[in-house]
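The values are calculated or read from the model by the stated rules, or taken from the named source; none is laboratory data. Predicted model, so just to flag it, every value in this text is computed and none were measured. Glycine also receives a Cβ, built like all others from the backbone with ideal geometry; neighbour counts cover every protein chain displayed.
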Amino acid sequence: MQPLKRQQILEFLISRQAILPEDAPVLGVEYEQACEDYLKTQLNQQQSKDELAAVRRLLSNPMDLTLVAQLLAQGKEPDLLKLQQQQYEIMAAEYQQLYFRPFPLSKFAETVYQMRLNDQITIPEEPWREELQCMERHKMVLTRQFRDASGKSYREWYFRHDKIQEFFIVQTFLKEDNQQRQQQHLQDPRFRGVYLTVGNFIKL
């Protein structure tokens, strides 16, 4: 895939307004200016050619660009190496406000790790109903409605992208009592994206 041109990136960011929350603090003309300012910073011609090319590649990924749009609409400065972390922090802050307790990151992350280990793609609704509803509002997960043979409706939950699932799996790799996991799955192709993400966390 060829990297997008600056104008194409800008147009995509502006088009994301259609899916942004109506109560986001930065919308309309202010949001469009935030997009302009952000690209001016990120695509600074004073960078080396290699650095500029790397930034353009990241800004050519529709999922990452959508995350950038969400963060700009929240008045945040997107960090291209920490987009999932920033998205999680905004979601977790809202979760704290809604339920008066911290998001149970360690326990939820362990559930997500076991999902990958067992090749399971659906997220169990119980005991994570409230967590999933909050994550859905922040475009981290989605639901699909189904009917069983008797006509009774039910829903299933999925991560919107592997990168989001891998963000949670990484949290289990980084726990002091789980350090062996960083070696355990080195030859397992299912965890390749997790190791790439772990590398970013270690660099940071």
Every residue from the stretch 44-60 that is under 20 Å from Tyr88 (Cα atoms) and at pLDDT 90 or above: Leu59
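So that you can scan it fast, the table gives a plain yes or no per residue for (1) over 22 Å from Gly193 (Cβ atoms); (2) surrounded by fewer than 18 Cβ atoms within 10 Å (Cβ to Cβ); (3) in the same structural domain as Gln133 (by TED's automatic domain parsing):
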residue	(1), (2), (3)
Glu32	yes, yes, no
Cys35	yes, no, no
Leu39	yes, no, no
Gln47	yes, yes, no
Ala54	no, yes, no
Leu65	no, no, no
Gln97	yes, yes, no
Qualifying positions in the stretch 146-186 - outside any helix (DSSP H, G or I) and either in contact with a Ser or Thr (Cβ under 6 Å, 6 or more places away or on another chain) or closer than 29 Å to Leu71 by Cβ (or both): Arg147, Arg155, Glu156, Trp157, Tyr158, Phe159, Arg160, His161, Lys175
Filtered residues of the stretch 29-58 (kept if within 19 Å of Glu77 (Cβ to Cβ) and either touching a residue at least 60 places away in the same chain (Cβ under 8 Å) or of a type in the set (Gly, Ala, Ser) (or both)): Ala34, Ala54
Tally of residues being more than 28 Å from Asp188 (Cα to Cα), outside any helix (DSSP H, G or I) and among the charged types (D, E, K, R) across the stretch 94-125: 1
Filter result for Arg116 (of a type in the set (Lys, Arg), within 17 Å of His161 (Cβ to Cβ) and buried (at least 19 other Cβ atoms within 10 Å of the Cβ)): yes
In the stretch 39-64, the residues that are over 15 Å from Leu81 (Cβ atoms), assigned to a helix (DSSP H, G or I) and not charged (D, E, K, R): Leu39, Leu52, Ala53, Pro62
Residue match in the stretch 120-132 (condition: in contact (Cβ under 8 Å) with a residue 40 or more places away in the chain and not assigned by TED's automatic domain parsing to the domain that holds Leu58): no
Output for the stretch 126-145, where each listed residue is part of a helix (DSSP H, G or I), exposed (fewer than 15 other Cβ atoms within 10 Å of the Cβ) and acidic (Asp, Glu): Glu130
Verdict on Phe173 being crowded, with 16+ Cβ neighbours inside 10 Å, more than 17 Å from Arg137 (Cα to Cα) and not acidic (Asp, Glu): yes
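Results for (1) in a helix (DSSP H, G or I); (2) out of contact with any helix residue (DSSP H, G or I) (no Cβ under 9 Å at 6 or more places or on another chain); (3) modelled with pLDDT under 90, shown as yes or no for each residue.
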| residue | (1), (2), (3) |
| --- | --- |
| Pro25 | no, no, no |
| Glu30 | yes, yes, no |
| Lys76 | no, no, no |
| Glu89 | yes, yes, no |
| Ala92 | yes, no, no |
Positions within the stretch 68-81 being touching a residue at least 40 places away in the same chain (Cβ under 8 Å) and surrounded by 15 or more Cβ atoms within 10 Å (Cβ to Cβ), in sequence order: Val68, Ala69, Gln70, Leu72, Ala73, Gln74, Pro78
Conditions (1) surrounded by 15 or more Cβ atoms within 10 Å (Cβ to Cβ); (2) in contact (Cβ under 8 Å) with a residue 40 or more places away in the chain; (3) over 14 Å from the mean Cα position of the chain (by Cα); (4) in a helix (DSSP H, G or I); number of the one not met by Leu10: (2)
